[in-house]
Amino acid sequence: MRGLCFIALLAILSATAERIVVTNDDGWAVAQIRAQVNALVDAGHDVILSAPADNQSGTGAMQKTAQPRTEPCEFDSCPPGAAMGNNASDSRLNWINAFPADSAQYGIQTLAPQLWDGVLPDFVVSGPNVGHNTGFSVFGSGTIGAAGKAVQLGVPAVAFSGTGTAHESYTALDIVPASATVSAAETYASLVTEFLDALFSQPPTSPPFLPANIMLNVNLPALDGACTAESVAWVLTRVFPVLLGNPDVVTCGNGGRLPVEGTVVSQGCFATVSAIDALLKVDVSKSVQQEVLDRLVNLGFSCV
């Protein structure tokens, strides 16, 4: 009986372990993205990092052909001379001298087939970004541009952002005691992993995980003594306000109008979740919002 229970447990664990490409717009060597990779690996996922060689914030969905670098990567994390490369001791940690959308495409179309024997990723995590991406910033955000590119290539994706971290090298993760921004990076990484656990634990759906042609924009709150990983409340939101009508899913007694993410995330210990069109970066219909709500039922949304 114990053997059967153990086999069943393994089956459950394997069912929730996914092949994930992690990308961002802050660069492959920042502490936040390395903390996120570590957290996902510790959770049992198979992870490939594919991110820009240096900070490419504000490049939106732009793309370009990668060119050999004339200078080292950010934080001297790679030598000049190549257009792309990887960590010398870990081929799963990769950079490309291009934009965030390019790094997502590189991870999906080149690295994943190489490292996973021809198999494409199940999911793309973009970020967490250093700083929030709310309102009109979604149009220029490279974090969101990378996630949107992934969805356009057929891979579900979520963009994560938070204000508590700083643009610092991954080497800061090894310093004891940890700085406040490194602690925030690790907390954000745990929150992203918690979010994905809820998303991945849903019953089988078609398409898997998220509705077709949409992505999620998630903004994590500023952290302090009163706002910790344990106290963060998840709230379904929209990116842009509306003036007329009731265009949204009915939840929390909202009368058909979701709160705006920028307002909610600044009000307290709330993490906002908005569903947007992966190409246009605008709010989706209430029927799609309802589908997202149903697929994230295990997250436990709160009201504000």
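The values are calculated or read from the model by the stated rules, or taken from the named source; none is laboratory data. Fair warning: this is a prediction, and the values are worked out from it, not measured in the lab. Using ideal geometry, Cβ is built from the backbone for each residue, glycine included, and neighbour counts are taken over all protein chains shown.
Scanning the stretch 283-303 for residues that are in a loop (DSSP other than H, G, I, E, B), under 23 Å from residue 243 (Cα atoms) and either under 20 Å from the mean Cα position of the chain (by Cα) or of a type in the set (A, V, I, L, M, F, W, C) (or both) gives 284, 303. Determine, yes or no, whether residue 113 is over 13 Å from residue 24 (Cβ atoms), without any contact (Cβ under 8 Å) to a residue 24 or more places away in the chain, in a loop (DSSP other than H, G, I, E, B) and out of contact with any Ser or Thr (no Cβ under 9 Å at 6 or more places or on another chain). Judged against the criteria, residue 113 is not a match. A count restricted to the stretch 199-237 and to residues that are within 24 Å of residue 136 (Cα to Cα), of a type in the set (A, V, I, L, M) and surrounded by fewer than 19 Cβ atoms within 10 Å (Cβ to Cβ) stands at 3. Among the residues making up the stretch 85-103, those that are modelled with pLDDT of 95 or more and of a type outside the set (A, V, I, L, M, F, W, C) are 85, 86, 87, 90, 91, 92, 94, 97, 100, 102, 103. Within the stretch 87-112, the set of residues being over 21 Å from the mean Cα position of the chain (by Cα) and farther than 11 Å from residue 49 by Cβ comprises 88, 89.
Please count how many residues of the stretch 225-274 are part of a loop (DSSP other than H, G, I, E, B) and touching a Leu at 6+ places or on another chain (Cβ under 7 Å). Going through the stretch 225-274 one residue at a time, the tally reaches 6.
Give the stretch 85-106 a look and list any residue that's in a strand (DSSP E or B), surrounded by fewer than 23 Cβ atoms within 10 Å (Cβ to Cβ), in contact (Cβ under 8 Å) with a residue 24 or more places away in the chain and in contact with a strand residue (DSSP E or B) (Cβ under 8 Å, 6 or more places away or on another chain), or say none. Steps first, please.
Step one: filter the stretch 85-106 for residues in a strand (DSSP E or B), giving 85-87, 90-96.
Next, only the ones that are surrounded by fewer than 23 Cβ atoms within 10 Å (Cβ to Cβ) stay: 85-87, 90-92.
Checking the rest, the ones that are also in contact (Cβ under 8 Å) with a residue 24 or more places away in the chain come to 91-92.
92 - this is the single residue of the stretch 85-106 that is in a strand (DSSP E or B), surrounded by fewer than 23 Cβ atoms within 10 Å (Cβ to Cβ), in contact (Cβ under 8 Å) with a residue 24 or more places away in the chain and in contact with a strand residue (DSSP E or B) (Cβ under 8 Å, 6 or more places away or on another chain).
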